1. Could you tell me which of the residues ASP57, ASP80 is surrounded by 14 or more Cβ atoms within 10 Å (Cβ to Cβ), under 20 Å from the mean Cα position of the chain (by Cα) and not assigned by TED's automatic domain parsing to the domain that holds LYS291?
2. Have a look at MET221, MET213 and point out the one that is surrounded by fewer than 23 Cβ atoms within 10 Å (Cβ to Cβ) and without any contact (Cβ under 8 Å) to a residue 40 or more places away in the chain.
3. Out of curiosity, is SER147 assigned by TED's automatic domain parsing to the domain that holds GLN37, free of Cβ contacts under 8 Å to residues at least 40 places away in the same chain and farther than 18 Å from ASP93 by Cα?
4. If a residue must be in a strand (DSSP E or B) and polar (S, T, N, Q), how many such residues does the stretch 156-207 contain?
5. Going by what's in this entry, would GLU68 be described as of a type outside the set (Gly, Ala, Ser), assigned by TED's automatic domain parsing to the domain that holds GLY32 and buried (at least 17 other Cβ atoms within 10 Å of the Cβ)?
6. Can you give me the number of residues within the stretch 121-146 that are within 17 Å of VAL182 (Cα to Cα) and in a helix (DSSP H, G or I)?
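The values are calculated or read from the model by the stated rules, or taken from the named source; none is laboratory data. All figures in this text were calculated on a predicted structure; none of them were measured in a lab. Quick reminder, even Gly has a Cβ in these numbers, built from the backbone with ideal geometry, and neighbours come from all protein chains shown.
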Amino acid sequence: MSVTSTSVRTDAGSPAPSTRSTVLVVGTGTMGAGIAQVAALGGYRTLVHDAAAAQVDAAIRRIGDDLEKGLARGKVAVADRDAALARLERAPDLATAAASAGFVIEAVVEDMATKQTVFRTITRHAPGDAIFATNTSALSITEIAASIDAPDRVIGMHFFNPVPRMALVEVIRGLQTSTSTVERTFEVARRMGKEPVEVNEFPGFAVSRINAMIGNEAFYMLMEGVASAEGIDKALRLGLNHPMGPFELGDLVGWDIRLKVLEHLHATLGEKFRPCPLLVKYVRAGRLGRKTGRGVYEYSASGELIRASADTPR
């Protein structure tokens, strides 16, 4: 099934669905698209917004492509695919979308000021019982919540890449997050097919803190000539049973995002998180991974891995 501009609704339709059955996803990068996909598969009417409208179309195409792959692997039924696509809606206007959403998941760039701006816009228009979740991988939930008048309804909801296949969601309570907000977030996560785990608010939470160190150390090993990128990835896949090696995963997530997390952890937790100079060099060169066609590895226009970049250390 080809996903075209007519495969996805562009308005709320009639009659208006309950806000409790509506999820708004703000941001359509790799994470945002994946979150929208599992929300739609979970039965939610799913509004998708990005400041760049073209990014919404690209995200919906990626969702359609991934559902097709799931269908081919026998992981997704035809009826579920069709129903999920029918539940996706473009949301060109953030204020209008927020007004009809009972649960909002922000997945924009990992920058505090940007996230706070998005939250202020959303909370001005959302229903009085709406929950506001951030997919931040490291930033303070309490600080994000401080920018709005309803800090009790702000929570961390950290998904993992690739979202449709990774079971975990970290649920992070801020200083003023209410118990009812935590309970509703667990309910939403489970309906999306995820296993939520509550984690205390601390820089990097649980997984990002460990993952950032693994990815950074892998870059140090590459820089020092310990092994090739392919060798390091293969060693962690086979030796530690990781589904993806650190370079494969970093290319998927984006090295710019990984660097932002490392810089935050370095500033808050100290020298053990100092970013590897080679990683910094890759980001400065624009070698961010799949989204730029080149990171540690090179990718085709469709995002398929071709080979390690010719100048990646060996």
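1. Just a single option satisfies the conditions, and that option is ASP57.
2. MET221
3. Yes.
4. 1
5. Judged against the criteria, GLU68 is not a match.
6. Matching residues across the stretch 121-146 total 4.
Here is a yes/no grid of residues against (1) buried (at least 18 other Cβ atoms within 10 Å of the Cβ); (2) under 28 Å from ARG124 (Cα atoms); (3) modelled with pLDDT under 95; (4) in contact with a Phe, Trp or Tyr (Cβ under 8 Å, 6 or more places away or on another chain):
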site	(1), (2), (3), (4)
PHE159	yes, yes, no, no
LEU168	no, no, no, yes
GLY174	yes, yes, no, no
THR179	no, yes, no, no
ARG184	yes, yes, no, yes
GLY193	no, no, no, no
